[in-house]
1. Search the stretch 82-96 for residues that are free of Cβ contacts under 8 Å to residues at least 40 places away in the same chain and pair each with any residue that is in a helix (DSSP H, G or I) when their beta-carbon atoms are under 6 Å apart and the residues are at least 6 apart or on different chains.
2. Filter the stretch 80-119 for residues that are touching a helix residue (DSSP H, G or I) at 6+ places or on another chain (Cβ under 9 Å) and in a loop (DSSP other than H, G, I, E, B) and give the result.
3. Which residue is modelled with the highest pLDDT, if the candidates are limited to the stretch 1-20 and must be in contact with a His (Cβ under 8 Å, 6 or more places away or on another chain) and surrounded by 12 or more Cβ atoms within 10 Å (Cβ to Cβ)?
4. Would you tally the residues in the stretch 38-55 being out of contact with any Asp or Glu (no Cβ under 7 Å at 6 or more places or on another chain), closer than 25 Å to residue 76 by Cβ, surrounded by 10 or more Cβ atoms within 10 Å (Cβ to Cβ) and not β-branched (Val, Ile, Thr)?
5. Of everything in the stretch 8-28 that's among the hydrophobic types (A, V, I, L, M, F, W, C) and not in a helix (DSSP H, G or I), which residue is nearest to the chain's Cα centre (by Cα)?
6. Among the residues of the stretch 55-79, which ones are part of a loop (DSSP other than H, G, I, E, B) and free of Cβ contacts under 8 Å to residues at least 12 places away in the same chain?
7. Output yes when any residue across the stretch 37-45 is part of a helix (DSSP H, G or I), in contact with a Leu (Cβ under 8 Å, 6 or more places away or on another chain) and at pLDDT below 95, and no when none is.
Amino acid sequence: MRTDHRSECVINQTIEVFGDKWSLLVIRDIIFVNRRHFRELLTKSMEGIASNILADRLQKLIEHGIIVKSDDASHKQKVIYSLTEKGIGLLPLLMEMVMWGHRYLPDATVKGLARVLEEGGPKLLAEFMAELRETHLRASNAKTTARRTTNSKHISAMQRIRAAYEPAPARKKR
């Protein structure tokens, strides 16, 4: 991890962590579509990241304490990437980026996500962050678990966001 910085500015130092064009997209795929294995991140990315770039970005995210890598209990040869609290803390930033892009980048195709985030507001953000903690940090929350089991019609924040994340079909060029 880098310890020398161009300046003391917190924006500069944040850009030094995420200033490349892939790191936030890897985090996006982990957060919004629950891609947690190398192969999933490699083959299901909308942008088509190269394997060496993905390996490098995952390692840097680990070094910065944004994700952790652990053995996958379901498969001996796989590892699973999980967000840390620091990584989950990026959710508000990504949600703001979605809202900004929806407003100022008219060609963006994931319009449903911006709408769900706008309608859900801070309550949706808090619910989604709690669900990410439950999934990635294995935080046990008896109250949340009880609510889900007694109210099977309840749609989780994670389900609403992931359903809205699906990009619209590509427009045909004339």
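The values are calculated or read from the model by the stated rules, or taken from the named source; none is laboratory data. If you're wondering where the values come from, they're calculated on a predicted model, not measured in any experiment. Glycine also receives a Cβ, built like all others from the backbone with ideal geometry; neighbour counts cover every protein chain displayed.
1. Correct list of pairs: 95/117.
2. Listed by number, the residues that qualify are 84, 89, 90, 108, 110.
3. Out of the qualifying residues, it is 12.
4. The total comes to 8.
5. Restricting to residues being among the hydrophobic types (A, V, I, L, M, F, W, C) and not in a helix (DSSP H, G or I), the top hit is 22.
6. Across the stretch 55-79, the qualifying residues are 73, 74, 75, 76, 77.
7. No, there is no match, as no residue in the stretch 37-45 is part of a helix (DSSP H, G or I), in contact with a Leu (Cβ under 8 Å, 6 or more places away or on another chain) and at pLDDT below 95.
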